[in-house]
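Peer 1: Can you keep this structure in mind? I'll have questions shortly.
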Amino acid sequence: MKDPRSKLGKQLTNRLSNSQQEGLLNIDMETQNVSLSDLNESIQVETCSISIVKGDQKGNVFSLSKDVIRVGAHPRCDIQIVDGTVSRFHCEIHRDQDGYRLIDEGSTNGTYVGDLRIRDIYLSAGREFQIGNTTLSFSPITEQISLTDSPLEQLGPLIGGSRQMRKLYTLIQKVAPSDLSVVIEGETGTGKELVAQAIHQLSRRSEKDLIVFDCSAVPEHLIESELFGHEKGAFSGAVRAHAGLFEQADGGTLFLDELGELPTNLQPKLLRALESGIIRRVGGESVKKVDVRAISATNRDLGEMVKLGSFRQDLYYRLAKVKVTLPPLKERRGDPSKIAKYFLDVLNKKNEGYKHIKGITPNALHRLEGWEWPGNVRELRNMIERAYTFADREMIHSADLMDQLDPEHLDDDSYLGGVHTPLEIPDNFSLKEAKERIIESFEKDYLQQLLVKNEFNISAVSRDAGIDRRHVYRLIKKYEIVTP
């Protein structure tokens, strides 16, 4: 049977070495990059539809986005065929950079396209193939996903109501039910593992485990054993057989953290396991089929690493069907206050009956919003935990944070109009003058807090404060508060 690719293209591919073929791939064409700052963005997601057109299950339709689709009589197949003439694992459909390949897995009765028994062929749109007494039809599908703002301010373990986060929630809800591999990029502490958790929780794999592997935390000579397992006696110290992370994640999700640190000599083995769904333990002879979804995270630019030759392009293509870059906390307007309050609630519940802090003062929240957060959400969590531990009043005040704030990271030109110093009353002020100064300070802090809480929606601020919209505008002008 002829390959649906062009004759010239096939001849060219046959003449190229593996490394040359990799060089022909275009990263930008194969990966859906999502910028959370572009609020009108949409992405394309490739899936496929397989329908049964002849046989006892005629009329059944399967929509799948997996890179390896198993078809057969076994319950673990993605498409289970109830047909006595179909083998347990009859055939597989593999998606690669050239399209979808139908591969017979050594079935008893064979896989047919028309009258020809095939072993390996690329499928074109509308192509029918027969296994046993069942005929199936294949069609690729390209779905356009519009990334509108979600109304949520929390999704799973993720906290935040900024527009970037609400856009991220939409992306997660669209991508999670599929089996698309996702690469999450972003600065240290932005919450990449939390995104992976949210995707797993909303996926069809949620009842199985999310297994985490830190590529930077395991010595290079042990990584293969950690990922694929080993048999007893496979190497010095292997006193018993060990199931690797792929086996532990079977049916679930494997989260590859710090992916950019994976040694280049191990990248081909990871690629083979992901593409074939077949692993072999170190020192073992038998192979095992596994069904694993991969989600990866890195604070490095994988695209640039591919160009420099330190990361395989084909592995990048396999892992980065969707690539999302998380925004740093300093760009997420209003989120530091929300997250700080969340961490405070967690600490109060954890220490119930021992210690309780009622809240965080407006001035302290104002300082949190004006901080540049070089350590992002992780830094904010540590700061609130420390302030909570040492606070000796009912509220966390700005003074409880000051010893943790490096002036170099205060944003004096922030959208809130700058971070001001603690209120000081001159000694020569009268009672009336001192009172006016204190009221003005409170009024400004209170207004800033409401603006942040309501994302600068003046109508919402007006309702919360119980004052007219025009009065809100006058106060903004009076205190020279910069609004978006």
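The values are calculated or read from the model by the stated rules, or taken from the named source; none is laboratory data. Computed from a prediction, not measured in an experiment: that's the story for all the values here. Please note: Cβ atoms are built from the backbone with ideal geometry, for glycine as well, and neighbour counts cover all protein chains shown. Side chains are part of the model used for accessible areas, which takes the heavy atoms of the whole protein and leaves out ligands, DNA and RNA. Shrake-Rupley method; radii C 1.70, N 1.55, O 1.52, S 1.80 Å.
Peer 1: Look through Lys341, Lys355 and report the one residue that is free of Cβ contacts under 8 Å to residues at least 40 places away in the same chain and within 30 Å of Glu440 (Cα to Cα). Step through it out loud before you land on a result.
Peer 2: Numbers: Lys355 fails: within 30 Å of Glu440 (Cα to Cα).
Just one listed residue meets the conditions, Lys341.
Peer 1: Return the only residue of Lys323, Lys338 being in a strand (DSSP E or B) and open to solvent by 20 Å² or more (accessible area, probe 1.4 Å).
Peer 2: Lys323
Peer 1: Next question. Which of (1) assigned to a loop (DSSP other than H, G, I, E, B); (2) crowded, with 17+ Cβ neighbours inside 10 Å is the odd one out, the single condition Val452 does not satisfy?
Peer 2: (1)
Peer 1: Another question, if that's okay. Which of the residues belonging to region 230-244 are outside any loop (DSSP other than H, G, I, E, B) and of a type in the set (D, E, K, R)? Before the answer, list the steps.
Peer 2: Of region 230-244, the ones outside any loop (DSSP other than H, G, I, E, B) are 230, 242.
Residues satisfying the conditions do not exist here.
Peer 1: So in region 301-312, with the set limited to residues that are without any contact (Cβ under 8 Å) to a residue 60 or more places away in the chain and part of a loop (DSSP other than H, G, I, E, B), which one is surrounded by the fewest Cβ atoms within 10 Å (Cβ to Cβ)?
Peer 2: Going residue by residue through region 301-312, those that are without any contact (Cβ under 8 Å) to a residue 60 or more places away in the chain are 304-305, 307-311.
Then drop every residue that is not part of a loop (DSSP other than H, G, I, E, B), which leaves 309-311.
Working: Gly309: 10, Ser310: 14, Phe311: 22.
Of everything passing the filter in region 301-312, Gly309 is surrounded by the fewest Cβ atoms within 10 Å (Cβ to Cβ).
Peer 1: Working only within region 114-140, note down all residues that are of a type outside the set (S, T, N, Q) and open to solvent by less than 40 Å² (accessible area, probe 1.4 Å). Show your work before the answer.
Peer 2: Start the filter on region 114-140 by keeping residues that are of a type outside the set (S, T, N, Q), which leaves 114-123, 125-129, 131-132, 136, 138, 140.
Result: Ile118, Ile121, Tyr122, Leu123, Phe129, Ile131, Gly132, Leu136, Phe138.
Peer 1: Hey, another quick one. Does region 208-229 hold any residues that are in contact with a His (Cβ under 7 Å, 6 or more places away or on another chain) and open to solvent by 20 Å² or more (accessible area, probe 1.4 Å), and which are they?
Peer 2: Leu210
Peer 1: Any residue in region 137-144 that is more than 19 Å from Lys58 (Cβ to Cβ) and aliphatic (A, V, I, L, M)?
Peer 2: The initial filter retains those residues of region 137-144 that are more than 19 Å from Lys58 (Cβ to Cβ), namely 140-144.
Keeping just the survivors that are aliphatic (A, V, I, L, M) gives 141.
Checked against the condition, which is being more than 19 Å from Lys58 (Cβ to Cβ) and aliphatic (A, V, I, L, M), region 137-144 yields at least one hit.
Peer 1: Have a look at Lys330, Lys350 and point out the one that is open to solvent by 50 Å² or more (accessible area, probe 1.4 Å) and over 24 Å from the mean Cα position of the chain (by Cα). Give the derivation first.
Peer 2: Details: Lys330 fails: over 24 Å from the mean Cα position of the chain (by Cα).
None of the others qualify; the one that does is Lys350.
Peer 1: Let me ask another. Exactly one of (1) touching a Ser or Thr at 6+ places or on another chain (Cβ under 9 Å); (2) in a helix (DSSP H, G or I); (3) closer than 28 Å to Ser63 by Cα; (4) not aromatic (Phe, Trp, Tyr) is unmet by Glu247. Its number?
Peer 2: (1)
Peer 1: Looking at (1) out of contact with any Phe, Trp or Tyr (no Cβ under 8 Å at 6 or more places or on another chain); (2) open to solvent by less than 20 Å² (accessible area, probe 1.4 Å); (3) of a type outside the set (Lys, Arg), can you tell me which one Ala196 breaks?
Peer 2: Against the list (1) out of contact with any Phe, Trp or Tyr (no Cβ under 8 Å at 6 or more places or on another chain); (2) open to solvent by less than 20 Å² (accessible area, probe 1.4 Å); (3) of a type outside the set (Lys, Arg), Ala196 comes up short only on (1).
Peer 1: Yes or no: Arg381 part of a helix (DSSP H, G or I), open to solvent by less than 20 Å² (accessible area, probe 1.4 Å), modelled with pLDDT of 75 or more and among the charged types (D, E, K, R)? If you could, list the steps in order and put the result at the bottom.
Peer 2: Numbers: part of a helix (DSSP H, G or I): yes; open to solvent by less than 20 Å² (accessible area, probe 1.4 Å): no; modelled with pLDDT of 75 or more: yes; among the charged types (D, E, K, R): yes.
The answer is no for Arg381.
Peer 1: Could you look through region 273-286, keep only residues that are part of a loop (DSSP other than H, G, I, E, B) and at pLDDT 90 or above, and pick out the one that is most open to solvent (accessible area, probe 1.4 Å)?
Peer 2: Just the residues of region 273-286 that are part of a loop (DSSP other than H, G, I, E, B), to begin with: 277, 280-281, 283-286.
So of that shortlist, the ones also at pLDDT 90 or above come out as 280-281.
Numbers: Arg280: 119, Arg281: 57 Å².
It comes out as Arg280.
Peer 1: Restricting the first residue to region 53-65 and requiring it to be part of a loop (DSSP other than H, G, I, E, B), which pairs with a second residue that is modelled with pLDDT of 90 or more and open to solvent by 90 Å² or more (accessible area, probe 1.4 Å) meet a Cβ separation below 9 Å and a spacing of at least six or different chains?
Peer 2: These pairs meet every condition: Gly55/Val82; Gly55/Asn133; Asp56/Val82; Asp56/Asn133; Gln57/Val82.
Peer 1: Sort out which residues of region 89-101 are at pLDDT below 95, surrounded by 15 or more Cβ atoms within 10 Å (Cβ to Cβ) and within 20 Å of Asp291 (Cα to Cα), and write them in order of number.
Peer 2: Scanning region 89-101 gives Phe89, Cys91, Glu92, Ile93, His94, Arg95, Tyr100, Arg101.
Peer 1: Next question, about the same structure. Write out, first by first residue and then by second, each pair whose Cβ atoms fall under 8 Å of each other, whose residues are 6+ apart or on separate chains, and whose first residue, in region 242-257, is of a type in the set (Asp, Glu) while the second is in a loop (DSSP other than H, G, I, E, B) and open to solvent by 10 Å² or more (accessible area, probe 1.4 Å).
Peer 2: So the pair list comes out as Asp250/Lys208; Asp250/Asp291; Asp250/Val292; Asp257/Ser216.
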